[in-house]
Amino acid sequence: PDLESLLNLDDIEEVATKQISHKAWAYYYSASDDLHSKQLNNTAYRQILLRPRVFVDCTNCDTSTTLLGNKVNIPIYVSPAAMARLAHPDGEWGIAQACAQFGAMQLISNNASMTPEQIVKDAGPEQSFGWQLYVQTDRKKSEAMLARIAKLPQIKFICLTLDAPVPGKREHDEKSKNVGSNLPVRSAVQDGSSASTSPNPKAATAGQAKEGGESSGGVGKALFMGTAPDLTWKTTLPWLAKHTKLPIVLKGLQTHEDAYLASLHAPQVQGIILSNHGGRAMDTAPPAVHTLLEIRKYCPEVFDKIEVWVDGGIKRGTDVVKALALGAKGVGVGRAALFGLGASGKEGVARVLEILKAETETAMRLLGVEKIEQLGLQHVNTRALERD
Ligand code: FNR
């Protein structure tokens, strides 16, 4: 496709939808039950109004910031999402290439279709990554992965996902189970790929689900096999401290109570990601902006103790600046990166980041803001959301 003619993230999703297999589309697009949280993730941003200031020199605009002390050129990172090679052979390595181009951070999924070593192999010295962990019932498997991650200096932190101890009921994914049945349903990590595994685009299409896998309800459920449902504040963080020296970011927090609890675990926990897993876990769970507002109201000190990031439903630069104005330090995109890959491999992901960067700059200029740190509550009117 002519990438220049794709002007927004919906255009890119439309092209990708036509190009990728139905099964890949169903896995990426799907969310739990009635897709209520997925839709609300996006529409909640529409309910927030921006408050542009005029008579401000907007010649300059700088979107750079830091995430956990790592310099990034845009406050937008790629969320951990499984199985990128379902969309394109460039896979998670391709996402890394696009992130390098834009100085963006990438979080690598526990269930990526390539090994972490393959994904970071061409990363520059400035590039930073996080590695997302789904703790496995067989803890030894997770411990072995953490030992591998410790050897990759590009990986700066562990992102522990907490919102999906069991998979949500994703009906699009379940219904498409017989279409394209030679597609992969096992991640590189599940396949036990070792550090020495050479990059092989076929690897992702080789593994067929064992132990029931695909036939038991879609790609999502197959990937969740082996994920531990018994994580707790008391037991899991001490276990993690024994097996990694890296800072921890907790992903999938959805209430001010849990955000506060997380802040009590600083400095081991240095950040939280407010997320409902793109609507793929608990349907009718709140969008991240609702949780941001709750934290502002009940425990604003959390913002001083740990970094607060958000994801879910980000489609526009205005969404990015709204989240930042409400106190988020970083803003994640999940499906957009996968659909970018589906539209045109690594160039498609680069186009997604290019559009979001340009829109974010325009929004900052129109608001009368030159630097990310200047964004604040004075730039948003959240009254329509607070009536909920
Ligand atoms: C995800 N997400 C996810 N999260 C995670 O912690 N580990 C994972 O392996 C995955 N896998 C995954 C696969 C697919 C296909 C999607 C769409 C999402 C959730 C992801 O990190 C993020 O929270 C959401 O995707 C954000 O919402 P948007 O940007 O997709 O609306």
Which order, highest average first, do 78-89, 60-71, 242-253 follow once you tally other Cβ atoms within 10 Å for each residue and take the mean per peptide? 78-89, 242-253, 60-71
Assigned charges on the beta-carbon of Lys, Arg, Asp, Glu; the chain dipole about Cα centre (debye): 660 debye
For all pairs of alpha-carbon atoms in segment 34-159, what percent lies in each bin of width 10 Å, listed from the first bin to the last filled one? 11, 33, 30, 18, 6, 1, 0
Counting each DSSP H run of 4 or more residues in the chain as -39500 (n - 2.57), what helix-only mean residue ellipticity at 222 nm follows after dividing by all residues, to the nearest 500 deg cm²/dmol? -12000 deg cm²/dmol
For segment 206-324, what is the Kirkwood hydrodynamic radius in Å, using each pair of distinct C-alpha atoms? 16.2 Å
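Could you calculate the contour length gain from Ala144 to Ala384, that is, 0.36 nm times the residue separation minus the distance between their Cα atoms, to one decimal place in nm? Before the final figure, lay out each step's value.
Numbers: separation 240, 0.36 × 240 = 86.40 nm, distance 4.77 nm.
Length difference between fully extended and current span is 81.6 nm.
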Report the residue, chosen from Gly327, Gly124, Gly279, that carries the largest GNM mean-square fluctuation when the chain is represented by alpha-carbon nodes joined by springs under 10 Å. Gly124
How big is the Rg/Rh ratio for segment 128-170, C-alpha atoms only, Rh by Kirkwood, two decimals? 1.04
Starting from the Cα of Asn60, step 7 Å toward the Cβ, then list every residue of segment 358-386 with an amide N under 15 Å from that point. 365, 369-374
Residue by residue, what Karplus-based ³J(HN,Hα) values in Hz, rounded to whole numbers, does segment 343-359 have, using 6.51, -1.76 and 1.60 with θ = phi - 60° and x for Gly and Pro? 6, 6, x, 4, 5, x, 5, 4, 5, 4, 5, 4, 4, 5, 5, 4, 5
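Highest first, please rank the peptides 281-292, 46-57, 91-102 by the mean number of other Cβ atoms sitting within 10 Å of their residues.
91-102, 281-292, 46-57
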Rounded to the nearest 5, the percent of DSSP beta bridges in the chain running antiparallel is 15 percent
Rg/Rg_globular for the chain, with Rg_globular taken as 2.2 N^0.38 Å and Rg from C-alpha atoms: 0.92
With viscosity set to 1.567 mPa s and temperature to 4 °C, compute the Stokes-Einstein D of segment 241-301, Rh being the Kirkwood radius across alpha carbon pairs; µm²/s, no decimals. 106 µm²/s
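Given 20 °C and 1.002 mPa s, compute D for segment 314-388 with the Stokes-Einstein relation, Rh being the Kirkwood radius over Cα pairs; round to the nearest whole µm²/s.
Stokes-Einstein gives a translational diffusion coefficient of 161 µm²/s.
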Give the separation of the Cα centroids, segment 102-165 to segment 15-55, in Å. 25 Å
One would report the Cα pair-distance distribution of segment 1-97, bin width 5 Å, in %, as 2, 8, 11, 16, 20, 17, 13, 7, 3, 1, 0
Collect residues whose amide H, placed 1.01 Å from N in the peptide plane, falls under 5 Å from the amide H of Gln136; neighbours closer than 5 in sequence don't count. Ser142, Ala228
What is the distance in Å between the Cα centroid of segment 293-310 and that of segment 324-372? 23 Å
7 Å from Cα along Cα→Cβ at both Glu126 and Thr17: what's the point-to-point distance in nm? 3.6 nm
Residues Leu152, Leu6 in order from fewest to most other beta-carbon atoms within 10 Å are Leu152, Leu6
If you add up the charges near Phe157, with Lys and Arg at +1 and Asp and Glu at -1, over every other residue whose beta carbon is less than 14 angstrom from its beta carbon, what do you get? +3
Farthest toward positive dipole pole in the chain [+1 Lys/Arg, -1 Asp/Glu at C-beta], among Gln378, Trp93, Ala144: Ala144
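Every number here is computed from the coordinates shown, using simple stated rules; none is lab data. Owing to the predicted nature of the structure, the values given are computational and were not obtained by experimental measurement. FYI the Cβ positions are ideal-geometry reconstructions off the backbone, even for glycines, and counts take in every protein chain you see.
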